Amino acid sequence: MFPLPNEEKKVSNYFVFYLIHAMQVGVGILGFERYIAKSAGHSSWLAIILSGVTILALIWISYQILNRGKNDLTAIHHDLFGKWIGGLFSLYFVAYYTMFVIVLIRTYVEVIQVWVFPDVYHWVFAGIIILIAYSYVTGGFRIVTGIAFLGVLYGFPLLFVKYFPIREAYWGSLLPVIDLSFKELLSATKTMTLNFLGFEVLFMFYPFLKDPPKSQKWAHFGVLFSIFIYLITALVSFAYFDQDQLKTTIWATLTLWKIVDLTVIERFEYVGISVWFFIVLPNICIGLWCASRGINRVLPVKQRTALIFICAAVFAASYFLKDRGQIDWLNNKMSEIGFYTIYGYIPLLFILQLIIMKVRKQI
């Protein structure tokens, strides 16, 4: 009922690095500093490390589940809980991936509207992005993987732009190094969750790896690189802005791009936002592929048909999200749902699978 993909559809293990990292570094990195600083001030960079370590642990748990199941999440749900209950759990993840895509598209479109084209309707940009993503996803998982690979390569040079704010930064702002309570640290860590979400796509593309169990190290490397990117970004922002400025700056990274002084480019933030499209696009493509793949595995629907339905739903949701308050509400809801999904359901599934398989004497 849940056949494995053909060998020609699979990708090499090292591409897991790009797939995981591409999902974790998206539009959220443009303004996450403000949210974690509200909880723990300039010491909230510690929350990035703590949150990242917990994600590494969850990656290990996820691989234990997948290695035992030897298939994707839909097959594991079916094997453990049966057709109907397992199907409901799988459809939850379809909705989860879809909501993730909605958050990405609407948040990035807001950035375009605020910084570049304030007079253009948001649904125009949403429609264009969805059509571009659809064209890539219909090419199959190998095409989606290639987009993730290119997205990481295109985004890496933007790290060197941090040289300009570093020149004017006051590193004394980071002192004392640990100036927060345990409660504040936990609050900032929970807030950081939204930015590290995305590794859950591993549960869908696992069978498309040539030697899945051996790909685990690349997944960990992808998370470690994400931690590094977020940590560098936060430290530079915390050293450049004081706490009062940071708490009122919605897009800290974009604001820092305004001080970039290049002879050939007067407004670098326009270039940065344009380049960032190639970083956000892989997130959207992977999310759409996972959601459509999930429907195809659970229901008697072709993946392309499911993809059209999901794209229409994403466009409709993006159309009705019109102001900043609604977008903030959606981001907060996604963060909360994601928090309980990765820290609650994934460990619970790990325990249930272990118990059920031992009862059945499969392990």
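Odds and ends about this structure:
- Any hit, region 13-34, residues being polar (S, T, N, Q), part of a helix (DSSP H, G or I), closer than 30 Å to W171 by Cα and open to solvent by 10 Å² or more (accessible area, probe 1.4 Å): no
- Inside region 300-352, residues that are surrounded by fewer than 16 Cβ atoms within 10 Å (Cβ to Cβ) and touching a Leu at 6+ places or on another chain (Cβ under 6 Å) make up a count of 0.
- Matching helices (runs of 4 or more DSSP H) fully within region 250-363 where at least 3 residues are of a type outside the set (A, V, I, L, M, F, W, C) and more than 30 Å from G52 (Cα to Cα): 268-298, 303-320
- Members of region 259-294 that are in contact with a Leu (Cβ under 8 Å, 6 or more places away or on another chain), β-branched (V, I, T) and open to solvent by 10 Å² or more (accessible area, probe 1.4 Å): V275
- In region 231-243 there is no residue matching the filter, namely being open to solvent by 70 Å² or more (accessible area, probe 1.4 Å), within 25 Å of V101 (Cα to Cα) and at pLDDT 90 or above.
- Every residue from region 35-91 that is touching a Ser or Thr at 6+ places or on another chain (Cβ under 6 Å) and either of a type in the set (A, V, I, L, M) or not in a helix (DSSP H, G or I) (or both): I36, A37, A47, L50
- Close Cβ contacts (under 7 Å, 6 or more residues apart or on different chains) running from residues in region 260-275 that are closer than 23 Å to V25 by Cβ to residues that are open to solvent by 60 Å² or more (accessible area, probe 1.4 Å) and outside any loop (DSSP other than H, G, I, E, B) comprise V275/Y154.
- Looking only at residues of region 88-114 that are more than 17 Å from the chain's Cα centre (by Cα) and at pLDDT 95 or above, we find that the one that is surrounded by the fewest Cβ atoms within 10 Å (Cβ to Cβ) is L88.
The values are calculated or read from the model by the stated rules, or taken from the named source; none is laboratory data. Keep in mind that this is a model prediction, so the values were computed, not measured. Glycine also receives a Cβ, built like all others from the backbone with ideal geometry; neighbour counts cover every protein chain displayed. Remember, those area values only see protein heavy atoms, side chains included, never the ligands or the DNA or RNA. Shrake-Rupley method; radii C 1.70, N 1.55, O 1.52, S 1.80 Å.
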